[in-house]
Structure formats: structure tokens, C-alpha cells
Amino acid sequence: ASIQSIPTKPFEGQRPGTSGLRKRVKVFQQEHYTQNFIQATLDAIPTGAKGATLVIGGDGRYFSPEAVQMIIRIAAGNEVAKLIIGQHTILSTPAASHLIRIRKATGGILLTASHNPGGPDNDFGIKYNMSNGGPAPESVTEKIYEITQKLTSYKEAQLPAVDLSAIGTQKAGNLEVEIVDSVADYVVLLKDIFDFNLIKSFLHKTPSFTVLFDGMHGVTGPYGQRIFVEELGLPQKSVMNCKPSPDFGGGHPDPNLTYAHDLVERVEKENISFGAASDGDGDRNMIIGKGAFVTPSDSVAIIAAQADSIPYFRRTGVKGLARSMPTSTALDLVAKKKGYEHFEVPTGWKFFGNLMDAGRLSICGEESFGTGSDHIREKDGVWAVVAWLNIIAAANQTKPSSINDILLTHYNEYGRNFFSRYDYEEVESEGANKMVDRLRALVSTDRAQLIGKDLGNGFVVKDGDDFEYTDPIDGSVSKKQASWQSWDCSFLMDGSSVLGVRIIFEDGSRLIIRLSGTGSQGATVRLYVEKYESNPAKYQDKTQEALRPLIEVALKLSQLTEFTGRKEPTVIT
Ligand code: VG1
Ligand code: CO
């Protein structure tokens with residue numbers, strides 16, 4: 001096939017954020033926009049695009065087939081040797097990570113905007129993963145961005161469209177294209193990690209323990225169908241919304257109590273013991289039950305505490321634990337008690353990979369419904385769901401245990417870290433930035449006045465900072481994190497407030513404010529609050545009530561309403 005050099009001009013704002021480049025579909029549909037970003041990505045591959053093997057797939061959202069055909073033509077134009085593509089463009093983010101690893105690929109291009117709504121008027125996204133299966137580190141994403149600012153042409157082979165439904169290998173010019181079953185390898189992986197026999201026999205012996213999995217019309221539908229129905233033998237009615245759709249059925253494929261309302265409603269109405277959902281691209285998870293909700297910060301702590309019930313961790317041992325900075329410190333308590341090394345990293349999964357590759361991290365999580373381990377280098381929604389089933393099945397070998405029983409047993413041993421996040425979406429960027437700038441001044445130049453101060457309701461400041469992270473493996477430093485990507489506030493190109501300002505109180509309570517790096521419109525303010533409770537009489541208190549005094553302090557200190565004009569958050573998780 002003939003290779004052409006297509007002249008182009010740089011586009012502004014092609015800077016990957018917390019998890020790749022996410023923009024409105026309409027932005028990606030601009031002539032050359034997507035091609036430019038693909039070319040820049042190929043140019044930034046540390047070992048070069050020529051001769052590379054790349055895994056391609058995503059959540060199947062609107063514009064995916066077009067983007068995959070563009071990738072095929074540009075990959076051929078750049079002498080990439082081979083593409084391994086999920087059938088119909090479908091690969092969950094964890095399945096893609098796994099495929100990169102088992103095929104020893106150079107890397108992968110993931111087409112996803114995760115939980116952001118899809119369709120012609122919503123979001124699309126492109127993200128590059130490295131040979132370890134994990135998201136590209138900032139050194140690579142910054143290189144991509146740099147290249148996009150100078151690009152004058154991209155290389156494209158003139159090829160007919162490849163049939164993305166036909167499993168098997170075909171040639172596109174000199175490029176080898178292999179279309180693979182989206183689910184098969186991933187199922188093999190999970191069956192190797194978990195005790196499927198134990199889970200299966202528990203579910204079989206305990207028909208009163210009902211399960212409902214919600215694929216939210218995202219990518220996990222086929223994975224859920226294969227694992228919960230075909231492998232674990234649950235009835236077909238145990239899964240819902242399992243057909244991926246390009247616009248996620250018009251919904252917002254984010255597994256939380258607000259957006260997974262169909263699931264939440266059915267779990268309550270039908271007295272379901274175990275309800276679970278994953279997001280658009282399959283890396284997030286939510287675990288609930290009738291009258292039960294597992295906050296993600298507790299979820300990772302409990303999986304870590306119960307790791308012994310999972311065959312994979314019995315084999316590998318638990319090498320260490322880690323959480324993102326805003327995630328509650330419940331995990332730290334498990335690490336301390338069990339004597340594991342533990343780490344606190346910036347928001348976003350890319351920071352866990354180095355620790356895993358160095359053999360120092362086994363289990364990690366984020367408060368944002370992300371849980372995972374070193375079996376791959378992405379968070380993994382279905383993995384977390386099966387992990388919980390495995391833990392519950394193991395607990396039921398000694399006594400009947402519901403989700404709430406497991407939570408309570410954990411609190412009785414470790415105490416409870418009440419945690420909540422308030423999101424203020426699509427706020428005006430200027431006000432949000434001013435608010436964060438003021439907070440940064442409070443913890444830096446005006447720090448002396450802050451420490452020791454009583455901010456009300458008995459909360460006395462012990463410490464506060466503008467979070468920075470030095471990677472213990474490669475020494476790279478992340479501060480004023482350079483991942484601001486919102487295109488209507490390009491004036492803030494240093495991404496100066498994504499990492500987060502954090503304030504720690506004498507009683508261990510924490511309050512964190514940061515700006516999101518995954519939004520595609522305006523700014524999103526995230527406020528995280530955490531309060532530790534060691535009084536067993538209070539373990540069953542309602543989260544929002546337990547946290548109210550701290551939230552009052554947070555709103556007063558941040559002057560959030562004054563700066564953003566918002567009285568109420570868009571979403572509370
Ligand atoms: C959000 C979450 C973060 C997560 C990221 C990607 O980032 O807070 O914890 O890693 O999304 O998850 P931000 O910068 O908007 O707060 V996913 O499932 O969207 O790939
Ligand atoms: Co996701």
C-alpha cells in the first residue's frame with residue numbers, strides 16, 4: 001500500500017490528563033485532530049513505532065470504529081509490525097492491559113473516556129499504555145503533548161477498511177492485523193487468580209445469596225455474561241445491561257449510587273444480597289447489597305486484609321499496599337497491622353505500575369471506585385467484583401456472612417474511616433482556580449498561621465501541604481501536576497492544581513481539595529473528607545451524618561460557595 005504524508009497543523013490542548021486525552025466527540029471529529037494525536041502517540045513510543053506490536057481496543061463507544069480504522073492506516077504508515085485488536089473494537093481497559101502483557105506487546109492504544117457518557121454529543125478518549133500494560137507515565141504523555149504542538153504532517157497508508165468482526169489474522173499492506181476474542185484471555189486470567197470452585201459451590205449451596213451485576217451498557221457486559229452466568233453458573237437474571245452500546249444506553253456509565261440507579265433500585269426492591277457494577281471501560285467497580293454499600297476506600301482495605309482467601313495472593317504473597325492520596329487511610333491501618341510496606345501516590349493508576357514492576361506492590365486502590373492488583377497494570381472492575389465474591393464465599397465457610405457482616409468485622413478490628421467525596425462538576429474555571437490558589441497559599445506561605453488553628457467543630461490543624469510525589473523507583477517527581485487538560489482554560493497550562501491540597505487534623509481526619517484531570521468541559525472541583533472513628537457504638541452511623549461537622553469545616557475553609565457560586569455538589573460518593 002502506498003504511504004502518504006498528509007500535511008496538518010497542530011491543535012491546541014492535546015495534553016493527556018489523569019487518564020489519556022478526553023474531549024467531546026465533536027472535537028475528535030475535526031479534520032486531522034484524531035490522526036494528529038495518533039501520530040504523536042506513535043512518535044512518543046520510547047522504543048519507536050517501527051516494528052512495534054500494539055494492542056488496540058476500548059469501551060466500544062461512539063467513534064471507536066472510525067478511530068480504529070485511522071489507527072490501522074497510520075500504524076501501517078509508520079511501519080508498525082502488528083496490531084492486536086479486540087473484536088468490534090471491544091477490550092475492557094483491564095483486558096487490554098492483560099493482553100499487552102501476555103503478548104509482550106510494545107504497548108497499546110485504548111479508546112475510552114471511561115465513565116464519561118458517550119454518543120455524538122458526548123465524550124471520546126485515547127490513551128497510550130506501555131509494555132508493562134500500564135498507563136504511560138508523565139514523561140511519555142508530556143512527550144506526546146510536545147509533539148502535538150509541533151506536528152506538521154502524519155503518515156498514512158492508503159488501505160481499505162479492515163473487517164473488525166472477523167477473528168483471525170489478516171494483512172493490511174505490510175501490517176499484520178489480528179482480531180481477537182475480547183473476553184477469552186481475561187477469563188483465563190481470573191480463573192487462575194480466584195477460587196472459582198469455592199465461589200461456585202457457595203453460590204450453589206446458598207440460593208438465598210442473590211447476585212445482580214450491572215454492565216451499565218458498557219464494555220463489561222460480555223465479560224460479566226461469561227464469568228457470572230457461564231462460569232459461575234448464576235441464572236441469566238443475575239446480570240443486566242450487558243450489551244455494550246456506543247452511547248451506553250444514553251446513560252452515564254459510572255458505578256456509583258447516583259449513576260447506577262437502576263441497579264441500586266433493583267437491589268433494594270428485590271432484596272439482592274450482592275449487587276455490583278462496572279464503568280464504561282471496565283476498570284471501576286461498585287459493591288452494594290440490600291442496605292449495604294462498600295465505600296471503595298474500605299473495599300481495598302478489606303481485600304488486603306482478606307488476601308489470604310484469594311489463591312493468587314496465597315501464591316505470590318502480599319508484597320505491599322498502595323492508595324491514591326485522597327483515598328481514605330483505612331488501607332494504611334491494614335498495612336501497619338500486617339507489617340506490609342505501603343505507599344501513597346497521586347491520583348491516577350499510572351503511579352502504581354512502577355511499584356508493581358519493582359515487586360513492592362500487590363494490592364492498591366482509589367476512592368473513585370478503582371481497585372486492583374499486580375495481576376495487570378490497570379484497575380480492574382470485574383476482578384474486584386469476583387474478589388468480593390471470593391472473600392464472601394471464604395467467610396461463609398465458617399459462618400453465614402453478608403456484605404454488612406464483613407464490613408462490621410473489619411471495623412471491629414481496625415476502626416472505621418468514614419469517607420465521602422463531593423464533586424462540583426462543570427464549574428467556571430476561573431473561580432475554581434482562584435479557590436485552589438488561595439488554599440495553596442494557606443498551606444505554603446501562610447502555613448504558620450494554619451498549623452495548630454482550630455477550624456471549628458473541634459478540628460485542629462496538624463499539618464497541611466500541596467501534595468507532591470517522588471516515585472521511589474525512578475525518582476521522578478510529580479508536583480503541580482502537568483495534566484490539566486480542560487480546553488476552555490488553556491491559561492492554566494501548568495495544571496497547577498490537579499494533585500491536591502491536603503489538610504490533616506490532630507484526630508487524623510483529613511480534608512483534600514483538587515481539580516479533576518479527566519473532565520472535558522469546564523472545571524470539576526473534588527472535595528474529599530475523611531474522619532476516623534474508633535467507637536464501636538458509632539460504626540453503623542450514616543456516612544453523611546458522621547462527616548457533617550467536617551464538611552462544614554471544609555466548606556468554610558475553602559470558601560467554595562463564594563468562589564464557585566455552588567451551594568450543592570453535583571454528585572456525592
Ligand atoms: C478520576 C478519578 C481518579 C481516576 C481517574 C481515571 O480522575 O478521581 O481516581 O484514576 O478518574 O479513572 P480525576 O482527575 O478526574 O479526579 V477512569 O475509570 O476515568 O479511567
Ligand atoms: Co474507567
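The values are calculated or read from the model by the stated rules, or taken from the named source; none is laboratory data. Only a predicted model underlies this, so the values are computations on that prediction, with no experimental measurement involved. Cβ coordinates were reconstructed from backbone atoms using ideal geometry, including for glycine residues, and neighbour counts include every protein chain displayed.
A few remarks follow.
- For segment 322-340, the tally of residues that are of a type outside the set (V, I, T), crowded, with 24+ Cβ neighbours inside 10 Å and over 17 Å from the mean Cα position of the chain (by Cα) stands at 2.
- Pairing each residue of segment 272-286 that is under 10 Å from H217 (Cα atoms) with any residue that is of a type in the set (K, R) and near ligand 2 (Cβ under 7 Å from one of its atoms), provided the two are 6+ apart or on different chains, yields C-beta distances under 8 Å for S278/R284.
- Flag if S114 is within 16 Å of ligand 1 (Cβ to nearest atom), at positive phi, polar (S, T, N, Q) and not assigned by TED's automatic domain parsing to the domain that holds P346: yes
- Count of residues meeting criterion [away from ligand 2 (no atom under 12 Å from the Cβ) and at pLDDT 95 or above] in segment 98-117: 13
- Residue count, segment 433-465 (criterion: among the small types (G, A, S) and closer than 25 Å to E545 by Cα): 3
- From the list G415, G381, the lone residue that is buried (at least 24 other Cβ atoms within 10 Å of the Cβ) and either over 19 Å from the mean Cα position of the chain (by Cα) or within 16 Å of ligand 2 (Cβ to nearest atom) (or both) is G381.
- Residue within segment 303-317 that is more than 16 Å from ligand 2 (Cβ to nearest atom), closer than 26 Å to P117 by Cα and in the same structural domain as S368 (by TED's automatic domain parsing) present: no
- Residues satisfying the stated conditions in segment 342-397, i.e. polar (S, T, N, Q), touching a Cys at 6+ places or on another chain (Cβ under 9 Å) and within 13 Å of ligand 1 (Cβ to nearest atom): T371
- Taking first residues from segment 247-266 that are over 10 Å from M286 (Cα atoms) and in contact (Cβ under 8 Å) with a residue 12 or more places away in the chain and partners that are buried (at least 16 other Cβ atoms within 10 Å of the Cβ) and among the aromatic types (F, W, Y), the Cβ contacts under 6 Å between residues at least 6 apart in sequence or on separate chains come to D247/Y62; H252/Y259.
- For beta carbons closer than 9 Å, sequence separation of 6+ or different chains, a first residue in segment 46-69 that is under 22 Å from F124 (Cβ atoms) and in the same structural domain as V140 (by TED's automatic domain parsing) and a second that is within 16 Å of ligand 2 (Cβ to nearest atom) and aromatic (F, W, Y), the qualifying pairs are D59/F248; R61/F124; R61/F248; Y62/F124; F63/F124; S64/F124; A67/F124.
- Residue in segment 345-363 that is part of a loop (DSSP other than H, G, I, E, B), away from ligand 2 (no atom under 16 Å from the Cβ) and over 23 Å from K104 (Cβ atoms) present: yes
- Only residues that are touching a residue at least 40 places away in the same chain (Cβ under 8 Å), of a type outside the set (S, T, Y) and under 14 Å from Q540 (Cα atoms) were counted across segment 370-417, and they come to 10.
- Set S401, S368: member being more than 17 Å from the chain's Cα centre (by Cα) and either within 20 Å of F196 (Cβ to Cβ) or assigned to a loop (DSSP other than H, G, I, E, B) (or both): S401
- Taking strands (runs of 3 or more DSSP E) as the structural unit, those lying wholly within segment 118-208 and holding at least 3 residues that are surrounded by 15 or more Cβ atoms within 10 Å (Cβ to Cβ) and in contact with a helix residue (DSSP H, G or I) (Cβ under 9 Å, 6 or more places away or on another chain) correspond to 123-129, 153-157, 175-180.
- Residue identified as in the same structural domain as I503 (by TED's automatic domain parsing) and on the phi > 0 side of the Ramachandran plot among E430, E426: E426
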